[in-house]
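Notes follow once the structure below has been shown.
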Amino acid sequence: MSNANLPATTRKGKGDDLVTVGSQDYVTMTIADHLFGIPVLQVQDVLGHQRITRIPLAPPEVAGALNLRGRIVTAIDVRQRLHLPSRAKDKPGMSIVVDLRGELYSLMVDSVGEVLSLSAQDYERNPATLDPRWREVSTGIYRLNGQLMVVLDVPRLLNFANLEAALG
Amino acid sequence: MDDLLSEFLTETNENLSVLDVELVRLEQNPNNPELLSNIFRLVHTIKGTCGFLGLPRLEKVAHASENVLGKFRDGELVITPEAVSLILQALDTIKSLLAVLEATEAEPPGDDLPLIERLNLCAEGKLAPAPAAPAAPEPPALSKAEAERQAMLAELDALWDATPGPDATPAAAPGTALTPVAAEPEAPVPSQNLVVHEAPEPPAPVKAAAPAPSAAPASGMGGSVAEDGGTKESSVASQTIRVNVDLLENLMTMVSELVLTRNQLLQILRSQKESEFAAPLQRLNHVTSELQEGVMKTRMQPIGNAWAKLPRLVRDLAHELGKKIDLQMLGADTELDRQVLELIKDPLTHMVRNSADHGLETPADRLRSGKSETGRITLNAYHEGGHIIIEIQDDGRGLAIDKIKAKAIQNGLATEGELAGMSDQQIIQFIMKPGFSTAAAITNVSGRGVGMDVVKTNIEKIGGTIEIKSVFGRGSTFVIKIPLTLAIVSALIVECATERFAIPQISVVELVRAAADSEHTIERLKGTPVLRLRNRLLPLVSLQTLLRLESEDGKQRGDDDEAFIVVTQVGTYTFGIMVDRVFDTEEIVVKPVSPILRHIEMFSGNTILGDGSVIMILDPNGIASATGEMAMGETGAKDTSTVHAARQDDKMALLLFRAGDGAPKAVPLSLVARLEDVDLASVEMSNGAPVVQYRGKLMPLVPIDPNFQMGSEGRLPVLVFADGDRSMGLVVEEIVDIVEEKLVVQLTAERPGLMGSAIIAGKATDVIDAGFFLTQAYKDWFGNAEESLGDDRAARVLLVDDSPFFRNLLTPLLSVAGYEVTAVETAADALALCEQGEDFDVIVSDIEMPGMTGFEFAETIRRGSRWQDVPMVALSSHATPRDLDRGRQVGFTDYVAKFDRDALLYALQQTLSDQKGAA
C-alpha cells in the first residue's frame, strides 16, 4: 500500500507530448456529465470518497486537505475551477491524485472512468469558441464515439489565482 | 577521538574508495563529464574538509590534485593514464597521511613537495605528454594500485633528483607519511621555475633510468602505513554508517504512520472488553514508542558541530584584525535537530564574525577604556522550555546608538523626528534592516551591509527570534531563541465552528473557560470582545471571525454561550483566542502547507493527527499581527517582526473614551477592571454623591467633568476600577475604542485629574490620571498600604525611570499610597543621590533605560555601594520568567510588570515589611 505511488513517481512528467506519439493513454473522468482526461502517467492514485479538512481563508478552488498514507494532499474542487455548479452534497465523489513539483494534489471529480488508449488522429486543438476559462486549462479535445473528451493540463489546472505568486 | 575528526576520517576514507574506482572508470571513459565532475567534487570536498579542520599537509596535496582535475574538467588537459596515475598516487598519499592521522590524531610532520610539484607540473600540461611513457601498468585497477604507485614514486624521485633545485635531497622525496622531511618551505618556488623550462624533455628519460633505488624504501614505508591505515580505517568506519538524510526522513514518515496506526488499534482495543490482542498490542505500543524515539534521536546533533569551525575562524580573524580574542563556548553538547542546526550554522558564524570585527576593540583601545587587552566572545547554548537559547556575547564597545541613528537617516530608513521618538531598543533594531552596516570602513571581514538582516531572516524562517541587548562601552549580547526541532511540536487541539485546529503549546499561557454562569464572561467594547482576567482586561480574538468560519447553523455565537479562551503570548503581547472547545494536547509532526496556501499567514503548517485527519496549525504570530493591525488600524504592517519588535517597547493598550469636553480621553486599559453600562434610573444619592448598587455593594460614581450632570434616564458607560472588594465607577459618555500605542505624554496638564496630552490614534487625547479619581471616590483608596506600613514615618521610595510618563503616573500613585517619592530619570542620577548621602527605604527601578540599564544599576548598587542593603523592586514591561531570574540574580528583591499598580503596591508593602522583619 505504502509504496503504491513509487512507480508513478518515477515515471511522472512524461505525459505532455501527446501529439507526437501515435496513441496516448488517458484516465477518464466525468464532471457534471462532461468527459475529461488526464495522461495516465501523471496520475498517482485514484481515491474514493475521502474525509477532507476544510482550510479557512484558502482560495475557493481549494476544497481542503486530506491524508494520503501519511502525506498531506491538497484537494482541488475541479468543478469550482471549471466554473461548474457544485456537486450535490449527497453524491459521494472520487479523486485523482496528481503530483506537481513534488506536491500532491487531489482533483475532486464526480467519477473516474476507465483508462483509454487514444489515437492522435482523433485529437484536435481546442475550438476557438470554447469557454476561455476551459481553454485555459485544456490542451485539446479527443473525438470519441458519441462523446468528446477534454484533455486537462494539470499544471495549468493548478495554476489558479495566487499560486504563481505564492511560488514566485 | 574527536568526533569531528573521526567523522572526517570516515567520510574521507569513503570518498577515497569511491575515487579509486571512479578514477579508473574515468581513465577508461575519459570523455564522461559526469564522472569527471563527480571526481572533482569528491576531491574538492576532501580539500575543503582538510582546510576546515586545519590539516595543511593533506589540504595541499588535495589542492594540487584538484587543480589537475579542474584542468581536466575544463578541457584544458587531456586525460592520460599518467595523469590519472598521478592523481591516484596523490590519493594514496592522502590515505597514508590519514592513517597516521587516525593513529596519532595529528598530521605527520613534513610535506609532500615532490608530489605537489609534479601535480602542478601536470596541471600546467607539462607532464610527459607522450602516451608511451613508462607508466606501464595500463589499467590501474584497484588491485594494481600499489604497483602503480611504486612506479610513480620512483618516477617522482627521479624527477626530483634530476631537478637542480636548491634542496634536491633524496630524503625529501618519498611522498609518504612517516618520513620527517627536511625540505625548506621555500624550496618549491625556485625548483618549479627551473622545471618549467626543462620540463618537456627530462622526465621521460630519467623515469626510465632510475626507478629502482628509491622505489624500495618508498614502497616499504608507504605500503606498511597504508595497510595499517586499511585495518584502522575499518575500525573507525564500523562505528558509524553514513545514511542518506532522505532515507531518515522517509523513516520518520513511516514511523509517524506506524504511530497513527498503533493509535487506531489502541482505540479499537479500548472499545473491546476482553481481547486476545491486548497483550501483543501493548507490546506493539511500546516497541513503536521506542522506535519513534530512536528515529527522532537520529536527527539530533550537538550544537558543537555548528561551532566546530569557530575557534579557527576567530583565531584567523584575531590575526587579521590585530586583536586579541578569547572565544568561550559553553553548552556545546546541547542537542538540537539536524535541520535546525544546518540552518543556524551560517547565521552563527556571521554573528561571531561580527562580534570579533565590529564588537571588540583593538587591544590598545581596550586598555584605554580600562578593559583587559583580550576581548572575549562567549557562546552559550542551553535548553529552555522546548527551545534552545543561544547567546553570543562580547565585551566590546557595544552598539553606538548615535552611529545607528546617523546611518538610519543616511539610508532613509527613518527621519530625525521619528528617531527622536524612539527608544534605544527600537533604534538598535535598525541593524537588522537590509543594507545596514555601522562599520566605518568595509573590511575584508564584515561591513558590507549584508548580514544582520539575513541572519534575522534565517532565524525567523525556522520560527526563532533574535534579540539584541547592548550597552555602549560594555558590549553587546545577541540572544537567539530557536525551536528544538522543526519536526515535532506539542500542540493544543481546539475546535471552532466544527473545525479543529492546532495551536503550538509554546505560545499558550493558560486556558480560561468563559460562560454566563462562570466567573469569566466575555464582554464587548464597541463590538470588540474582551475578558476580565485577574483584574485585567485581555483583548480577545474570535477564531471564527478571524478565519471567516461559518458555523453550521449559520449564526454567530452569543457571548453567553460557553467558550474557551486560549490565552496566547507573542513576545510581550498577550491576547486570548476564543474557541468553542478544547481537546487534548498532541505531539504533532509539522509539515509545510502546500504552496497554494502559503500566503495565508494564519497558519504555520499542517499535520496529521493520531486519528488520521489533517489539521491546520495556527500561527500565533500571524494571528497577533493580523489582529494587531486591526486594532491599530495600521496598514502595510505586513512584516510581523516589526510589529513584534515595536510591541516590546512602551506600547500599551489604551482605552479611548469621550467625556466632558470634546477631546477624546484615554486611560491605560490595564488599570480598568471592568466596563459597565449603568442604568441611570438605578443611580441613587448617598452622602451627596451618586452611587449605584453593584454586585451587592455600593459603588460611587465619579464623573470626569465635575460639572457633568447625569440625567435620570437612559444608560451611561462606566469604567470600573476595582481594588479588593471596593470598586469605583468613572462615568464617561462614550467608549470609543481600544488601541495599542506608544504613549508619549507631550503636554503636561495643569488640571487635576489629567496627566497630560498625547497623540493617540492620530488625535490629541487627554490621558487621565486614574489615581486622582480613585481618591475622589475614596479618600483612603490606597489605605491598605498605609495601614500596613504602621510606622509614623512615611517610607521613602526612590523611583528610577527614564519615561516621564511613568514618573508622572507612579509618583502621585505612590504618594497617595503614603510613600515619600523621589523620582529620577536615570540610574546615574540615582547613583549621584547615593553619593550625596540620601537614604531610601526601597528603590523602584525601570529595566530598559538608556545608558545604564536597571540590571546594571542593581549590580552596581549591590556591589558594595552605600545602598547595598536597600531592597530594590524592578519595574519592567518584560516580565518573562527569564527576566525575573535575571532580575533576581543581579540583586532585585522583586520584579513587577509595568502598570501592574496592585502588584507594585503589594511588592513595596511586602518588601518593606520583610525588611522590617529582618531588621
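May I ask for the Kirkwood hydrodynamic radius of the stretch B:304-483, worked out over all distinct Cα pairs and given in angstroms to one decimal? Roughly 16.7 Å, rounded to one decimal. For a test of the definition: using alpha carbon positions, the gyration tensor, and the 1.5 limit on a/c, classify the stretch B:245-298 as rounded, prolate or oblate. Because a/c hits 1.5 or more and a/b exceeds b/c, the stretch B:245-298 counts as prolate. Extension gain for B:Gln328 to B:Ala663 (0.36 nm times residue separation, less C-alpha to C-alpha distance): 114.8 nm.
Return the average number of partner chain Cβ atoms within 10 angstrom of each residue Cβ along peptide B:589-595.
6
The residues of the stretch A:77-109 listed by number as losing at least 20 Å² of accessible area in the complex, against the isolated chain and with a 1.4 Å probe, are A:Glu103, A:Tyr105.
With the cut-off at 1.5 for a/c, could you classify the stretch A:110-159 from its C-alpha gyration tensor as rounded, prolate or oblate?
oblate
In terms of accessible area, using a 1.4 Å probe and ignoring ligands and nucleic acids, B:Ser727, B:Ser682 rank largest first as B:Ser682, B:Ser727. Each peptide in B:390-400, B:583-593, B:371-381 was scored by the mean count of other Cβ atoms within 10 Å over its residues; highest first, the order is B:390-400, B:371-381, B:583-593. Per atom type, the stretch B:490-617 shows carbon and sulfur on 45% of its accessible surface, probed at 1.4 Å. Accessible surface for B:Val454 stands near 70 Å², nearest 10, in the context of the full protein assembly shown (1.4 Å probe). Each principal axis of the Cα cloud of the stretch B:1-125 was evaluated for its coordinate range; sorted largest first, these ranges are 42, 26, 19 Å.
Step through the table entries B:Lys433/B:Lys481; B:Lys297/B:Lys324; B:Lys71/B:Lys323; A:Lys89/B:Lys273; B:Lys71/B:Lys456, compare each Cα-Cα distance with 30 Å, and write down the pairs that go over it. Distance filter (> 30 Å) returns B:Lys297/B:Lys324; B:Lys71/B:Lys323; A:Lys89/B:Lys273; B:Lys71/B:Lys456. Dipole of the stretch B:304-483 computed with +1 at Lys/Arg Cβ and -1 at Asp/Glu Cβ about the Cα centre; of B:Gly375, B:Ile390, B:Gln339, farthest Cα towards the positive end is B:Gly375. For the stretch B:251-397, the C-alpha radius of gyration sits at 1.67 times the compact-globule guess of 2.2 N^0.38 Å, with N the residue count.
Which of rounded, prolate, oblate describes the stretch B:467-532, given a ≥ b ≥ c as roots of the alpha-carbon gyration tensor eigenvalues and a/c under 1.5 marking rounded, otherwise prolate only if a/b is larger than b/c? Verdict is oblate for the stretch B:467-532. Dipole magnitude for the stretch A:6-167: computed about the Cα centre from +1 point charges on Lys and Arg Cβ and -1 point charges on Asp and Glu Cβ, it is near 420 debye.
The values are calculated or read from the model by the stated rules, or taken from the named source; none is laboratory data. Nothing here was measured: the structure is a model prediction, and the numbers come from that model. Cβ sites come from the backbone with ideal geometry, for glycine too, and all protein chains shown count toward neighbours. All accessible areas refer to the heavy atoms of the entire protein, side chains included, with ligands and DNA or RNA removed. Shrake-Rupley method; radii C 1.70, N 1.55, O 1.52, S 1.80 Å.
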